[in-house]
1. Could you pull out the residue among B:Val274, B:Val302, B:Val325 that is modelled with pLDDT of 95 or more, within 14 Å of another protein chain (Cβ to nearest Cβ) and out of contact with any His (no Cβ under 8 Å at 6 or more places or on another chain)?
2. If B:Leu230 satisfies every condition in (1) part of a helix (DSSP H, G or I); (2) closer than 28 Å to B:Met45 by Cβ; (3) open to solvent by 10 Å² or more (accessible area, probe 1.4 Å) but one, which is the exception?
3. Restricting attention to the range B:245-258, report how many residues are surrounded by 15 or more Cβ atoms within 10 Å (Cβ to Cβ) and either closer than 26 Å to B:Arg199 by Cβ or modelled with pLDDT under 95 (or both).
4. Of the residues C:Glu159, C:Glu177, C:Glu152, C:Glu170, which single one is within 17 Å of C:Asp112 (Cα to Cα) and modelled with pLDDT of 95 or more?
5. Looking only at residues in the range C:114-131 that are under 18 Å from the mean Cα position of the chain (by Cα) and open to solvent by 10 Å² or more (accessible area, probe 1.4 Å), which one is nearest to C:Gln43 (Cα to Cα)?
6. Could you check the range C:200-233 and list, in sequence order, the residues that are out of contact with any helix residue (DSSP H, G or I) (no Cβ under 6 Å at 6 or more places or on another chain), of a type in the set (Gly, Ala, Ser) and under 20 Å from C:Ala150 (Cα atoms)?
7. Going by the structure shown, is A:Val136 over 15 Å from the mean Cα position of the chain (by Cα), away from chain B (no Cβ under 14 Å) and open to solvent by less than 50 Å² (accessible area, probe 1.4 Å)?
8. Looking only at residues that are of a type outside the set (A, V, I, L, M, F, W, C) and under 15 Å from B:Phe216 (Cα atoms) in the range B:146-161, which one is surrounded by the fewest Cβ atoms within 10 Å (Cβ to Cβ)?
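The values are calculated or read from the model by the stated rules, or taken from the named source; none is laboratory data. Everything quoted here is computed from the prediction, not taken from an experiment. We place every Cβ from the backbone using ideal geometry, glycine too, and count neighbours over all the protein chains shown. To get the accessible areas, we keep the full protein, side chains included, count just its heavy atoms, and leave off ligands, DNA and RNA. Shrake-Rupley method; radii C 1.70, N 1.55, O 1.52, S 1.80 Å.
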Amino acid sequence: MLSSFDPRINRLELPDAPSIPTDKVALDQFPTYEVFHQRKENAAYAYVGPVHAPEADVAFLFAKEQFSRRFPCTGMWVAPTSAIQVTPYGNDQESVYNLLPLLPVESATADATGQQAYDIFHLKKRGKAHAHVGQVSASSPEAALQAAKAAFGDQRPVVNVWVIRSADLLRSDDEDRDMWTTTPDKKYREAISYKVQDRIDRFKQEG
Amino acid sequence: MYGSASTHDIPAKATTGLENEDPILLAEFEARIARGEKIEPTDWMPQLYRKQLTRMIEQHAHSEIIGSLPEGTWITRAPGFRRKMAQMAKVQDEVGHAQLLYSAAETLGKTREQMLSDLVNGKSKYSNVFNYPTPTWADSNVISWLIDAGAIVNQLANAKGSYGPYCRALDRICAEEAFHLKYGHDAVVHMATGTPIQRKMMQEALNRWWPAIMTFFGPSDKMSTHTEILMRWKVKMATNDACRQQFLDMYVPKIWEIGLTLPDANLRKNEDGVWEFSEPDWEDFKRVINGDGPCNAERIAVRRAAEENGAWVRRAMQQPQARYVRPLA
Amino acid sequence: MNPTLDLLYRLADDQLILGHRNSEWNGLGPILEEDIAFSSMAQDKLGHSLQLYTLLHELGEAEPDTVAFTRNAPQFHCCQLTELPIGEYDFSLIRHFLFDHAELLRFEALADSSYEPLALVARKIKGELKYHVLHANTWVKRLGTATEEAIERMQAALEFTLPYALGIFETTDAEPEIISSGLFIGEKELQTRWEASVSKVLAQTALTLPDLRTLTPVAGGRHGQHTEHLQPLLDEMAEVFRLDPTADW
């Protein structure tokens, strides 16, 4: 049996020789969900990263601890990666909306049936994070992008746009606000709690 | 927590493959990096860039998940509430960093499960220092402070690299590591300035770890065509020697000021401000990185057990209609 | 024992021992993201126990570190459920589900405790407990409706764990006074609420809740009688702390 300095490992009672290699790929790959957080009240939701999860409710559980445990936020959204429409990336300082093919913009009087809400996210600079700019109503993701161009196209710069059908975003509940306010109490996870200079100075004086 | 950018495992004379790339696209790509713009996942990129970044970010991710084990060794035994909770939070962060880094690597096309599969089947490397054991609480403190300090030197450099998703992950990781560094320093200072039992335990742990720490950034870089290209593309941001010098300059005085000694009679700063030291045993380094270290087998076996014991959970949660696509950013 | 001390020791010891146990999963969990979430909840439990030991210290008991790291098993008042080894993930999840439902309901009631410092703590940790129960419910609902393998495992874990879970509600001699003084609603009332709460979730799964009347609760923990697992756990937890009792770690 494998003997470790870690009592937890010894309790696993692992064999000394490794078992037969296993190819876990096909079995295990969960879909990914993209996660957005709201840093403080009234701030725009901004992209923080993906999680792997079988479904949206589990993605939400995972996202909460992976992306809010160290830096407080007031709310979180998750969306399946596969449900997000992405434009090409433009150069920094430019607007990617200018690169989009010109399609007829749906007239405001178009049949309201089949219209859905879409949330629009802009990336202002390569290497930074996408942030929410607003919602549009449209009959398809392509039409939503055109509508976004009309609504937000004057913003500069925009190097990339994400379009997400609003129904595909799972949003934290306003009722659960108290779930997000616990992070600032956990001082032991903050660098500022570790002040050791006094001890060093005392040691030097005594030395 | 991660050491060198691992260019040491690229054969120096390997072909760069650049002759097969479209010269116009390549020129645009290089111009973008030269302008200081980041590369994003759907941009065109040379094969060599994709391959090297995938390997580097993947190894970094493995180093985090494996790196959680030597400190995890003391998670149930940390003395007192303050240390117990912080040790848990720190080990948790290492797992969190692995999650962020695997995601960044996935944007380049390799799935997380493929990476984990390669890890548990011994096909991938991770930072060599984690192949050494932590026989005492003090050893865990040395990792928390000095290995994380080394990792931060490296990660701050890499955060200025050219690949957007890696930069985003590193920005977050560096912000989180600020706690690790302070926590580790705090714990080491308490031991070094504490009772005779504590002082002895800490000095012995430091003596054990110093040779490994000196190899943390990897051997001196051989300036090959590869290295030059990777530096031009901002994949590799600083030479191993530059990182090592920066680390020594920042931390040796902090080690000495609390009355600890380092087991290298040749260690000193010369008049030019350059640190001199005994050359680390690179033969031993190679031997360990290739599998023959004190804990290589255990680290892989434990990770594999975690995967195998969790397989039924993942199997049960899998949805038949689920479709995996690469994370976007 | 004084009813306030009696209640606080039971609450604090539960949180410490289960938080410690759950931390054993850190780095070894079934999914990276779940590993992170489970560790957060273990840290929360440690944090709760520290707040409760701090209340005890204010009432004249020893420092939290001394109380947590130097007592032996017979001096602990945790229920035996908390001290069992982590086992496989099915057991750890079911224990988390059964314990945390009781924990949430307990602290909801304690928010109205006549002992104001305790009521304050209860109100403060409510947001954390809400997440813990959301987490537990999501997992039990997912695995409890998943593959045959998962359902069988979860059912077996449920049946094994329930008698221990009933031990959560074991009372002490102080119980009548705890209730009459308005410190707490009492274990019997808590158990009634708990049964309703866990049945409601289990009803949404393929899992069957046995008739709790037919089960014998595993009691003793509240009176210092523990399984053979607690003393080794405490020895391990205090291994470094006891190396040098004069040291500041």
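1. B:Val302
2. For B:Leu230, the failing item is (3).
3. 8
4. Answer to the check: C:Glu177.
5. C:Glu128
6. Selection gives C:Ala203 alone.
7. Considered against the rule, which asks whether it is over 15 Å from the mean Cα position of the chain (by Cα), away from chain B (no Cβ under 14 Å) and open to solvent by less than 50 Å² (accessible area, probe 1.4 Å), A:Val136 comes out as yes.
8. B:Gln155
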